[in-house]
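Remarks on the structure that follows.
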Amino acid sequence: MQLLNGREVAAFHRERVERRLADIQEELHIQPELAIILVGDDAPSAMYARSMQKTARAVGLKAEIYQEPDSISEVELLSLIDKLNEQASVFGILPMMPLPRHLNSQRIIDCIDPKKDVDGLTDVNIAHLYTGRPGFVPCTPRAVIAILDYYHISLSGKDVAIIGRSNVVGKPLAQLCLNRNATVTHCHTRTKDLKAVCRRADLVIA
């Protein structure tokens, strides 16, 4: 059995990100920014936003939290995103979820420039994922693939069991595996005999 050390992989990619950011600043004379949009006072979202800001700044990426009140209108929020789309220094836009109920989350997401949609949730990036074209994908599936790549684990021809079918982890991860010629079994709460499915799989991702 091989132990896959996620921290080792993270350190490897951190060095690559730091070098790339330094190159961008030297070539374009721009300090890249991640725009984190936080609407309301949801405690977990606020904590996650601060955590991402801290991580981004640690590698030299400018990260700003755009805190907006719960009462913000959809028109006002879309206007903010439009402004961030136009700013050359903003390389990524990340709205914290969930948004207040009076806001149409998908409409807000699809207003983001797909080239700045770092969470890979716009319809454009989802289409790119399912058609095998380059684009952003959600961070957790991308991290799984990064770990497999780091340890040179090929998925081609492998039986892969994925447990979970969420839109941000299970579904995109299944497609990433299919794009690498794996045979994917997608497991969920209605899967019969999960134990048997996992036993016959070459790789189980949960």
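Read the figures in this text as sums done on the coordinates, not as results from a lab. The model shown is predicted, which means the values in this text are computed figures rather than measured ones. No Cβ is skipped: glycine too gets one built from the backbone with ideal geometry, and neighbour counts run over all protein chains shown.
List the residues of the stretch 170-194 whose backbone N lies under 13 Å from a point placed 7 Å from the Cα of T140 along the Cα-to-Cβ direction.
170-174
Using only Cα atoms, what is the ratio of the radius of gyration of the stretch 6-118 to 2.2 N^0.38 Å?
1.13
Got a sec? Charge dipole of the chain, +1 on Cβ for Lys and Arg, -1 for Asp and Glu; which of L77, I162, C139 is way out at the positive end?
My answer, from the dipole projection, is I162.
Taking a virtual spin label 7 Å from the Cα of K195 along the C-beta vector, which residues in the stretch 140-161 bring their backbone nitrogen under 19 Å of it?
161
For a Förster distance of 30 Å, can you work out the FRET efficiency between the beta-carbons of M97 and Q31, rounded to the nearest 0.05?
Working from the Cβ atoms, E equals 0.65.
So if each residue of separation counts as 0.36 nm, and I subtract the Cα-Cα distance between N181 and A46, what length gain in nm does that give?
That pair, N181 and A46, stretches by 44.7 nm at full extension.
Report, by chain and number, residues whose modeled amide H sits under 5 Å from the one on A182, excluding near sequence neighbours (fewer than 5 apart, same chain).
Here the answer is G157, since their amide H atoms fall under 5 Å of that of A182.
Where does each of 174-184, 89-99 land if you order them by average Cβ count within 10 Å, highest first?
89-99, 174-184
Once you place label points 7 Å from the Cα toward the Cβ at N5 and R20, how far apart are they in nm?
Taking the two extended label points, one gets 2.3 nm.
Could you tell me which of rounded, prolate or oblate describes the stretch 1-70, using a ≥ b ≥ c as the square roots of the eigenvalues of the alpha-carbon gyration tensor, with rounded for a/c under 1.5 and, failing that, prolate when a/b is larger than b/c and oblate otherwise? It would help to have the intermediate numbers written out before the result.
Values: a/c = 4.20, a/b = 1.22, b/c = 3.44.
Oblate shape, in that a/c is at least 1.5 and b/c is the bigger or equal ratio.
How far, in degrees from 0 to 90, does helix 139-150 lean away from the longest principal axis of the Cα atoms of the chain, to the nearest 10?
Roughly 50 degrees, rounded to the nearest 10.
Which of the following values of P(r) over Cα pairs in 10 Å bins from 0, in percent was calculated from the structure shown: [x] 8, 28, 34, 23, 7, 1; [y] 8, 30, 30, 18, 9, 3, 1, 0, 0; [z] 9, 33, 35, 18, 4, 1, 0?
Computed from the coordinates, P(r) over Cα pairs in 10 Å bins from 0, in percent corresponds to [x].
With the cut-off at 1.5 for a/c, could you classify the stretch 137-205 from its C-alpha gyration tensor as rounded, prolate or oblate?
Judged from the Cα gyration tensor, the stretch 137-205 comes out oblate (a/c at least 1.5, b/c at or above a/b).
Round to the nearest 0.05 the FRET efficiency obtained for S71 and Q106 when R0 = 22 Å and r is the Cβ-Cβ distance. Don't jump to the answer; show the numbers that get you there.
Details: r = 21 Å, r/R0 = 0.94.
Between S71 and Q106 the formula returns 0.60.
As a quick test, which of the pairs K115/K171; K115/K192; K54/K195 have an alpha carbon distance above 28 angstrom in this structure?
Distance filter (> 28 Å) returns K115/K192; K54/K195.
Mind listing the long-range amide H neighbours of V39? Cut-off is under 5 Å, sequence gap 5 or more, other chains count too, H placed in the peptide plane at 1.01 Å from N.
Distant-sequence amide H within range of V39: E68, M96.
Measuring from label point to label point, each 7 Å out along Cα→Cβ, what is the K54 to L203 span in nm?
Going by the 7 Å Cα→Cβ label model, 3.2 nm.
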